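Have a look at the structure below before the remarks.
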Amino acid sequence: MLEAIPNNVNLSDDPKLQRALLRWQPQFKEWWLDMGPDGFQKDEIYLRTAVSVEPGGWAHWDTVKLPDYRFGIFLAGPRKLEEIYFGDNIGRKLWTQVPGEFRKELRRLIVTQGDTEPASVEQQRQLGKTAPSLIDLRALFQVNAEEARHLWAMVYLLHSHFGSDGRAEAEELLQRRSGHPDHPRILQAFNKPIRDWLAFFCFTTFTDRDGKFQLASLAESSFDPLARTTNFMLTEEAFHMATGEKGVGRVIERTAQLMRAGTDPAAVGAIPLGVIQKYINEWSSATFDLFGAEDSSNAATFFAAGLKGRFQEGSDKRYADHVALEGAYEAEVYEGGHWTRKEIPKRRAMNAYLLDAYEDECRRVVGKWNKVLERYDIGETLTLPSLRFNRKVGIYSDQPYDAHGQPITRAALDAEIERLLPNPDDYALVERCMVPVYAPGKVANWIAPPDKGVGGKPADFAYVRFH
Amino acid sequence: MTSAILAQPAAGQSGAVIETQTHPGQYRHWKLRCEGPVAHLIMDVREDAGLHPGYELRLNSYDLGVDIELADAVTRLRFEHPEVSVVVLTSGKDNVFCAGANIFMLRQASHPFKVNFCKYTNETRLAMEEATRESGQYYLAALNGVCSGGGYELALACQEIHLIDDRSSAVSLPEAPYLGVLPGTGGLTRVVDKRHVRRDLADVFATLAEGVKGQRAKEWKLVDAVHPKSQWSAAIARRAQELVKPGRPQRGIALEPLDKRREADRIDYSHVTLSVDRAARTARLELRGPHTAAPLPAEPAQAGSRWYPLALFRELDDALVELRLNFETIGVLTLHAQGDLDKVLAVDELLARHRHDWFVREVLLLMRRTLKRLDLTARSVFALVEPGSCFGGFLCEPALAADRIYMIDDPHQPTALALSPLNNGSFPMGNGLARLAQRFLDDPARVAALQLDTRPRFSPQEALAAGLVTAAPDSLDWDDELRIAVEERASLSPDALTGMEANLRFAGPETMETKIFGRLSAWQNWIFQRPNATGERGALSLYGEPASPEFDPRRT
Ligand SMILES: [Fe+2]
Ligand SMILES: [Fe+2]
């Protein structure tokens, strides 16, 4: 059964990997059936499958049933550099095996990253029932299948490089379950269900983008297999983010159309702009916390060891200093009644650098959404809340800040949260909009149609054929 | 009660005075909840309430302040809540039981402070084990989340360990891989000596930074049971109920605050005075005899916390902790007992007669712990038997713990020292021996020859002949001999003395307890001193810092 696994890691000549997968793959299949999309198992879906790393090989289009999806194992091609280029080991050869002294750190990085991949599939498993169109339903399944493949990618590293302990960890990645009372997922943000499609589009915009930045920083790793695995995953991640970005954009477009025509969106089963803003606030601020504390000793260790770099560490355009032992990251925090400048030694501030790069990109995305609003000329804009808003982790978590990043009291923050994050009425309103539309070419009333089809097919193609 | 003057700084070189006394109303880091026979001791450390500035007590990590509260709770449970037969030790925080001693606190601490902190911490853990064994208060560790380093050491001090099985929470001893030091406050020793974890598995465990979780932790005997999250509270409650023992005393006593007054160079208690001479690096610890030896009430516990032997030893215990923490540079401690020897022996007789009563038994156990604390205090201790002194029976025991005993031989002022049956078994040392038995390791018959049942009294020459005292100078020589002995002692290397005394004090067999302290004093402290841990490039120095450690590769 292993022959069917597309790969470029020489699986057929690797008895160690074969043995591990023989045991793990059946468990994975069970998980994919139990925790993958709820329903739709007999339906034929037009999906992209990665079959090789050659140009175009990552996107082989075909009609498949979900249980038959072929999950592959791929490393991106060799890197141009052969030497470590940041941290304490600059100039040494890249590691092709796990250095014993960094086993614990690498294991932790891989398990934490790996845990998020199946988690998001679990969080999204009910959404198929309320898809606003076939093309969106297809996109959902595509994201799910690729997240599951990302799990394979991390499991490959555990199986190949961490011995029996790695095999045990790989099994536990299938045993933890999003929101499970006994064995939840490791990171809290991955334990709440993604309850509706607006949440799904926000999740793929903001939380998958965290995934992108984490993967990008791992793609700099001196541990070459990790770098090349994550590098390949980034290709797929870009599609997930595009699904989110375009999805939210289409919701905004539909709402703007209605507002322009003087129609109250809520009255016709669409979503008011204020609710969209609240969803943006909710998912962006929850994702900020995923980056971890701005001042982090773990982050320093990961950088020093050369395990995790900054965003685009290898591109000299961004950073001249790859040792990062001198100088400090500076942040303004409000402490004891006045603003103070907090200096964090660079290496300990690696999470902060990554978060800043992330925030930049989020602002650009919100900017694009505002372009949509501009076209309809309704005098409204959307905003990204400040990095300081509603934080549970890091240097902004002690003192509450409002969405503009200004200090407020704890009580005022509670009031702001009430005002700025979705409340039960908002969720109920969005839920009422969620009616499935499964006719080819048709879309639900709360979202604009996509501008074009995918995979070389027209927008009204039957991307999912029900059986 | 005299109001305590506590704010005045008096602590040698280490800055602010560390307050050694507390009570549940003042706890910042623990909650003690008693529900009939089951008590919950809940660790919920306040991040911003560290003993010193410069670190935050994240993730239920602890410093000495946290441990002083724990020690207080363990003692109070025994006196104030004798009805409790099961103590569930758990955390008030989600997903984390305890991350161990705070690394940033350890890093900024002076070496003597670090050692005294570890020692005190282990004394508290031994007190928990003693409570389980001797007082029928069974400690159950309910690890509701990550449990690492000192957190797991704390769990190891419990009789039974339960771990939540959420596929993430692990027990671990990551000191060696992360910090380049040892889980040396009993961690390694208890893993193999108490829980009998196989040595090769223990070797893997102690180098596995991420620890061991779930079923495997149970298989390796690192924990006794694992429970899924949804059944956690019910499973712990059920197990606690199973362990409840009926027939416990129902009414405890209140441990009232100590009568304690602090001045710059002395602390006065009702029956104890500790006074220091900083320039000479000496201290005088005076214990005063009882005013009366009135019989105990029908219900002995009604005598309360002011009952002489209890009050005396609580004060002595506190004075020893004070000496260790707040008077770092004092090298020689002279021990004095002033009072009426007849009354002391009358109290001794009461203790012996009522030793099966729960309250008197607890008093005897508290004495035992205090005397062990004295054994483990790294100061040279000379007991001085002078005119008017009352070292007798239980009150002779501190003298037997001393490194030397000097007794004045003055025909004009007869001086005596007395023994009683309590000296032969009621106050075993950490190695399990009575101090008298250990004194005569060469010939056990010498203890029998003392005829302790008669509560014998010894004149200076008799005491010398019996081997009870080191020297018996006459009154003309006394002052000079003592002055020279103390001055000479104070001039020797403090480190050499600490090592020498620890070697000589614990002759006889090894027990888990002596091993722990022996290894704590030697291995742990040695490693703490080495450049590989605390040098500029040492692992402890650089933990959480941007730079990576560099080791001197030579094995010793
Ligand atoms: Fe992913
Ligand atoms: Fe993704």
A:Asp264 fails exactly one of (1) surrounded by fewer than 20 Cβ atoms within 10 Å (Cβ to Cβ); (2) more than 11 Å from the chain's Cα centre (by Cα); (3) within 12 Å of ligand 1 (Cβ to nearest atom), namely (3)
When only residues in the stretch A:66-117 that are under 18 Å from A:Thr301 (Cβ atoms) and acidic (Asp, Glu) count, which is nearest to ligand 1 (Cβ to nearest atom)?
A:Glu105
Close pairs from the stretch B:176-189: first within 12 Å of chain A (Cβ to nearest Cβ) and free of Cβ contacts under 8 Å to residues at least 60 places away in the same chain, partner of a type in the set (A, V, I, L, M, F, W, C) and part of a loop (DSSP other than H, G, I, E, B), Cβ under 9 Å, at least 6 apart
B:Ala176/B:Leu182; B:Ala176/B:Ala206; B:Ala176/B:Ala209; B:Pro177/B:Ala206; B:Pro177/B:Leu208; B:Pro177/B:Ala209
Positions within the stretch B:82-107 being crowded, with 20+ Cβ neighbours inside 10 Å and closer than 22 Å to B:Gly36 by Cα, in sequence order
B:Pro82, B:Val84, B:Ser85, B:Val86, B:Val87, B:Val88, B:Leu89, B:Thr90, B:Ser91
If A:Leu258 meets every condition in (1) assigned to a helix (DSSP H, G or I); (2) away from ligand 2 (no atom under 16 Å from the Cβ); (3) in contact (Cβ under 8 Å) with a residue 40 or more places away in the chain apart from one, which number is that one?
(3)
Scanning the stretch A:54-84 for residues that are surrounded by 18 or more Cβ atoms within 10 Å (Cβ to Cβ) and assigned to a loop (DSSP other than H, G, I, E, B), which turns out modelled with the lowest pLDDT?
A:Trp58
Have a look at B:Phe528, B:Phe506 and point out the one that is of a type outside the set (A, V, I, L, M), away from every other protein chain (no Cβ under 14 Å), over 30 Å from A:Asn89 (Cα atoms) and in contact (Cβ under 8 Å) with a residue 40 or more places away in the chain.
B:Phe506
Step by step: first the residues of the stretch A:219-236, then only those that are in contact (Cβ under 8 Å) with a residue 40 or more places away in the chain and within 14 Å of ligand 2 (Cβ to nearest atom), then the one that is nearest to the other protein chains (Cβ to nearest Cβ). Which residue is that?
A:Thr230
Can you report the number of residues in the stretch B:89-129 which are more than 20 Å from B:Asn532 (Cα to Cα) and part of a loop (DSSP other than H, G, I, E, B)?
4
With closer than 23 Å to A:Tyr353 by Cβ, modelled with pLDDT of 90 or more and away from ligand 1 (no atom under 13 Å from the Cβ) as the only criterion, which of A:Phe206, A:Phe213 stands out?
A:Phe206
Going through the stretch A:237-255 one residue at a time, which ones are acidic (Asp, Glu) and within 16 Å of ligand 2 (Cβ to nearest atom)?
A:Glu237, A:Glu245
Take the stretch B:155-168 and flag every residue that is outside any strand (DSSP E or B) and more than 10 Å from chain A (Cβ to nearest Cβ).
B:Ala155, B:Leu156, B:Ala157, B:Cys158, B:Gln159
Do the conditions hold for A:Arg125, that is, is it closer than 24 Å to A:Leu290 by Cα, more than 14 Å from ligand 2 (Cβ to nearest atom) and part of a loop (DSSP other than H, G, I, E, B)?
yes
Inter-residue pairs, beta-carbon under 9 Å, first more than 9 Å from chain B (Cβ to nearest Cβ) and in the stretch A:85-112, second of a type in the set (Lys, Arg) and part of a loop (DSSP other than H, G, I, E, B), 6+ apart
A:Phe86/A:Arg310; A:Leu94/A:Arg79; A:Leu109/A:Lys308
How many residues, within the stretch B:245-272, are closer than 23 Å to B:Leu140 by Cβ and in contact with a Phe, Trp or Tyr (Cβ under 9 Å, 6 or more places away or on another chain)?
4
Reported set for the stretch A:403-420 where residues are among the aliphatic types (A, V, I, L, M) and in contact with a Lys or Arg (Cβ under 7 Å, 6 or more places away or on another chain) is A:Leu420
Number of positions in the stretch A:351-402 that are touching a Leu at 6+ places or on another chain (Cβ under 9 Å), buried (at least 21 other Cβ atoms within 10 Å of the Cβ), touching a residue at least 60 places away in the same chain (Cβ under 8 Å) and over 30 Å from A:Pro450 (Cβ atoms):
7
Go through A:Ser164, A:Ser178 for me and flag whichever is within 14 Å of chain B (Cβ to nearest Cβ), crowded, with 22+ Cβ neighbours inside 10 Å and either within 16 Å of ligand 2 (Cβ to nearest atom) or assigned to a helix (DSSP H, G or I) (or both).
A:Ser178
For the stretch A:307-365, which positions are within 13 Å of chain B (Cβ to nearest Cβ) and of a type in the set (Gly, Ala, Ser)?
A:Ala324, A:Gly327, A:Ala328, A:Gly336, A:Ala349
Go through the stretch B:335-391 residue by residue and tally those that are in a helix (DSSP H, G or I) and on the phi > 0 side of the Ramachandran plot.
0
Out of all the residues in the stretch B:256-272, is one or more more than 13 Å from chain A (Cβ to nearest Cβ), in a helix (DSSP H, G or I) and within 27 Å of the chain's Cα centre (by Cα)?
no
What single numbered condition from (1) more than 14 Å from ligand 1 (Cβ to nearest atom); (2) within 22 Å of A:Ile45 (Cβ to Cβ); (3) among the hydrophobic types (A, V, I, L, M, F, W, C) fails to hold for A:Leu151?
(1)
Just checking, which of A:Gly274, A:Gly244 is within 16 Å of ligand 1 (Cβ to nearest atom), more than 30 Å from A:Tyr85 (Cα to Cα) and assigned to a helix (DSSP H, G or I)?
A:Gly244
I'd like to know if the stretch A:185-203 contains one or more residues that are closer than 21 Å to B:Glu210 by Cβ, touching a strand residue (DSSP E or B) at 6+ places or on another chain (Cβ under 6 Å) and more than 14 Å from ligand 1 (Cβ to nearest atom).
no
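The values are calculated or read from the model by the stated rules, or taken from the named source; none is laboratory data. Quick caveat, the model's predicted, so the values are computed rather than measured. Using ideal geometry, Cβ is built from the backbone for each residue, glycine included, and neighbour counts are taken over all protein chains shown.
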